[in-house]
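Take a look at the structure set out below.
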Amino acid sequence: MQIDKTLVMYLEKLGRIELSEEQRAACEKDLQSILDYIDTLNELDTEGVEPASHSFPVANVVREDVVTNTARADVILANAPDSREGCFAVPKTVE
Amino acid sequence: MEWEIVMGLEVHTELATKTKIFCGCSTEFGGEPNTHVCEICSGQPGTLPLLNRRVVEFAVRTGLATNCEITRKTKFDRKNYFYPDLPKAYQISQLYLPICRNGCIEVKGQDGNPKKIGIHEIHMEEDAGKLVHDEFADCTLVDYNRCGVPLLEIVSEPDFRSADEVVEYLEKLRAILQFTGVSDCKMQEGSLRADVNLSVRPKGQAEFGTRTEMKNLNSFHAIARAIEYESRRQIDLLEDGETVVQETRRWDDNKGISYAMRSKEDAQDYKYFPEPDLPPIEISDAYIEKVKAEMPELPEAKKRRYQEALGLSEYDTSILTSDLAFVRLFEATEKLCQSPKDAANWIMGEVMKLLNDSGTLPEDMTLSPEKLAAVINMVKSGKINRGTGKKVLEKVFSEDVDPETYVKENNLAQITDLSALRPVLEEVIAANEKSVSEYKGGKTQAMGYIMGQAMRALKGKAPAQEVQKLLHEMLDN
Amino acid sequence: MEILDMSALALGSAIREKQIGVREAAQAYLDAIEAQDGALHCYNTVCRDEALQRADEVQKGIDDGTYTSPLAGVPVGIKDNICTKGVKTTCSSKILSNFVPTYDATVVQKLHAAGLVTLGKLNMDEFAMGSTTETSYTGVTHNPWDLDRVPGGSSGGAAAAVAARLAPVTLGSDTGGSIRQPASFCGVSGLKPTYGAVSRYGLVAYASSLDQIGPLAHDAADCAALFAEIEGKDPMDGTSMENPKFDFAAAAAGSLAGKKIGLPADYFGEGLAPEVRAAVEAAAKTCETLGATVETFPMPIVKYAVPAYYIIACAEACSNLSRYDGIKYGYRSPNAENLMETYVKTRSEGFGMEVKRRIMLGNFVLSSGYYDAYYNKALKAKKLIQQSFFDAFEKYDMLLGPVAPTTALKLGENLSDPLKMYLGDIYTVMINIAGVPSMALPCGFDGAGLPIGMQFIGKPFCEAEILSAAAAFQQATDFHKQSPQQR
């Protein structure tokens, strides 16, 4: 897999991150060497192998439909960088 | 050129569970912002989702009621995207192994024959929060009360060819969801939302045209209008030699137009992958049998039963089963007044008229079966006549009065004590000597006039047969 | 014996016998932290007042019989990615630098219920991404054996605090070796439990399918004692599992007699430092003298473990870390003027480079067009890795191997070369992928006097068996009794 600047910038965008030009160049190089190594996984024969999901056979873990929480907006908002009128506040989302 | 409209539907319905899909917060509608919110549904670091048992049960119920196959090992996946209404920045949904697949609902096709609309899949997911744009502070306020409310997304095949089919499908689907107790389907509160995928193609062409997705369709009426508008728009574009752009459009029901929405982000890559925090759900035959056994009666079965066991007509049953609110009112009233026919007639006549006149939706009706049955029983026993009954029901409907108290306080009851009638009739006879003598002279038509005078004097509160019988008794000898 | 030189169980016993007060024990550790942590930086937050207040409550509880745990009254340090109500939990990241959880992690609740006293929150690699503790936003933790060296990571603070006797026991977390590798670098013992044995509720997620909380301590018996307090199914964590009650006494007793131990040949191949190899091989011999049989067997899947690990871990991480957006908690960039800038600037300023790299790698392996070639391929590799452990456990009771290819590295040695750092995880990540438990413990020293670690890898939910093996080894050796202070 060949990494280039366009791909790095696309990955930044997907992750809502912006690198400086210097970081971007370094990241391109690092990701390339990591992916070259990761590509050795292609040597592993996985023909007919089911992808694994959970480590152990555990299923049907459910809870009852019973209300257990009480109103405590103040607690939920305690760590918010900006909150108003009982809500989290963010810069406007419509333009 | 003749054009064909091709449509598919994505219906989201909020489930009528007490709590959210992954935490113990209430799903109650309304409430102050962020009061139905905990660490889990606000995506606090370190928290984990816990699946609500009822959500699986409701999904299986819906699948069985829509002729779906139930996936025996179903899993959740994460759909990743950034938006302030989504606190974890991923929605827990199902992509790879949805809980139900390959179902159908039958509607009446354009040719009048039954037509099967395929259901591609039904999957479980969580709702997002609500954003309110605060113009004064130039910011957006985020309320997570709805965040984590369980949803089913019911995805149809692109089988619709007309707005009528769409509306009938939605009506049937809504009835199924309501009758199974899965959702209350209140469109105003957003508990039933339909997005329409629509494309047009020259009639006879096999390939689909480019489709658009329409959102914000808040009523069946809006859906029909939006389909009309969007199909016209696409046909006009194509006939003018232009192309349809694949996009999401928002319907503005006030203006009667749709417009393209700015997409949430330029590149939509949801990076779905299996949710590692939730173990899979394995659904056994025994479980499916249990859900089947506990399944509430569906509209078709109710119709059959009303006809066979209660002796109602096909027409009556189809009206009564058109809305769960009517069914609930009918079944309870029928038991209380011991007369299915009377209960049906009153609901289809007076109750529906009152709903219509006041513009009330059946689901918002406050009329209780106890009060309706009380009115019916008073009419049946002759305590009041039918005309009075209608007036009393009107008062019950508009002011929620107690029918028996109302009749008593306003002195509306029929005079059933015949001895009380005699003095009144004697007065009437005395006051109408001329007619009485005409009657006695053989002019039998004069009885009609005397009867009218008697009923007026009695203010209509006596049974007419009794009054007539008594008059004959008094005059014929 | 000085308080700081006692094992956690010995301290607990002295407290129960009223030879030492709970406050006295807490005070001794708080004083040691104050004296030494300036140079070591094991702690991000020290809960001085809270600890002393809690110590008095616990003392009452012990006196009136409320607390009966063998560890009641014993101080404990907690890795800074485990949520503590009212106490900052930063994950050593700028983006959570001001985050004060509103709830306690299940393990923290359990420690409270057992009467342990929290000393503070321990430094780590940012969001547990790293194996040196150098990616911490609060600065590196120094290895107590050599201040110019890293303590390992990501639970570097948790391991160094035990080694430097700034906590008798600590809780760490292990996603790809983050308990075992720093335990190895710092000469202490550490247990990575079976996936699902300990609740993850309240552990800030890095890679949800791999993360586990576990104990670090001076010896296997202390690890067993702390594990006994935190293990068990939790209704708040759907991936935690019911399993037979852990037998603390059997685990601490120590026995290797009759055990069949497999040495994966591929754990002793190219890249393993000769001194580490020699120490682990010598330890295998010791196991034989204690009644175990030891046999080498091939495990060729080892070379695919690191690629599979980084695909799975980064994929889950990029999703788990998307919630840090400056809206609900933590840092928000003051330079943002609209929503998109709030996201991008908050995250660009709030995350360090290693975290960004893993987020980007995760986005890559999940993005449309690459999912099958990378993420799905890694899940298939995971299946094969699980299978090879399953096969090995058909023949052996447990496996034995080195924890890391080397002893502790110099500060900055790997920081500039992420791939080199990732390759250092070769012996640990497989265990997380398979979900099995592994117990790391010291087994020697290299020429520079740095500790060497090995690990007993067990069958699922057989923590008692590997803890018992480690305890038996420690009864016969004194590597775990060495301390940097004596050297």
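Things worth noting here:
- Summed side-chain charge close to B:Pro87 - residues other than B:Pro87 whose Cβ falls under 13 Å, Lys, Arg +1, Asp, Glu -1: 0
- Relative to the Cα centre, the charge distribution of the range C:61-199, modelled as +1 at Lys and Arg Cβ and -1 at Asp and Glu Cβ, gives a dipole magnitude of about 120 debye.
- At q = 0.16 Å⁻¹, base-10 log of I(q)/I(0) for the range B:297-409 (Debye sum, equal scatterers on each alpha carbon): -0.69
- Anchor C:Lys94: lysines whose Cα lies under 23 Å away (excluding residues fewer than 8 positions away in-chain): A:Lys13, B:Lys88, C:Lys79, C:Lys85, C:Lys121, C:Lys328, C:Lys345, C:Lys356
- Dipole magnitude for chain B: about 1440 debye, using +1 per Lys or Arg Cβ and -1 per Asp or Glu Cβ, origin at the Cα centre.
- Rg to Rh quotient for chain B, alpha carbon positions, Kirkwood Rh: 1.13
- Selection from B:Met352, B:Leu320, B:Ser381, by position along the positive dipole direction of the range B:297-409 (Cβ): B:Ser381
- Rounded if a/c under 1.5, otherwise prolate or oblate - the range B:418-475, Cα gyration tensor axes: prolate
- Alpha-carbon centroids, the range C:305-365 and the range C:402-451: separation in whole Å: 26 Å
- For B:Met352 and B:His133, a Förster radius of 60 Å and the Cβ-Cβ distance give a FRET efficiency of 0.90, rounded to the nearest 0.05.
- Size of electric dipole in the range C:336-487: Cβ of Lys, Arg +1 and of Asp, Glu -1, about Cα centre, debye, nearest 20: 220 debye
- Over all orientations, the protein assembly as shown has a Cα convex hull whose mean projected area works out to 56.0 square nanometres.
- Cys residues of chain B counted as unpaired, since no other Cys beta-carbon is under 4.7 Å: B:Cys23, B:Cys25, B:Cys38, B:Cys41, B:Cys104, B:Cys139, B:Cys147, B:Cys185, B:Cys337
- Lysines whose Cα lies under 26 Å from that of C:Lys383, excluding same-chain neighbours fewer than 8 positions away: B:Lys73, B:Lys75, B:Lys79, B:Lys271, C:Lys192, C:Lys233, C:Lys260, C:Lys303, C:Lys395, C:Lys420, C:Lys459
- Share of pairwise Cα separations in chain C, more than 43 Å, in percent: 9 percent
- Placing unit charges on each Cβ (+1 for Lys and Arg, -1 for Asp and Glu) gives chain C a dipole about its Cα centre, and among C:Val22, C:Ala159, C:Gly254 the Cα reaching farthest toward its positive end belongs to C:Ala159.
- 14 Å Cα-Cα reach of B:Lys353 towards aspartates and glutamates, excluding residues that sit fewer than 8 places from it in its own chain: B:Glu394
- Over the protein assembly as shown, DSSP H runs of length four or greater, each weighted -39,500 (n - 2.57), average out per residue to a 222 nm ellipticity of -12000 deg cm²/dmol.
- Listed peptides C:197-203, B:235-241 by packing density, highest first (mean Cβ within 10 Å): C:197-203, B:235-241
A short reminder: the numbers here are calculations on the coordinates, not readings from a lab. This structure is a prediction, so every number in the text was calculated from the model and none was measured. Counting neighbours? That spans all protein chains shown, and the Cβs are built from the backbone with ideal geometry, glycine included.
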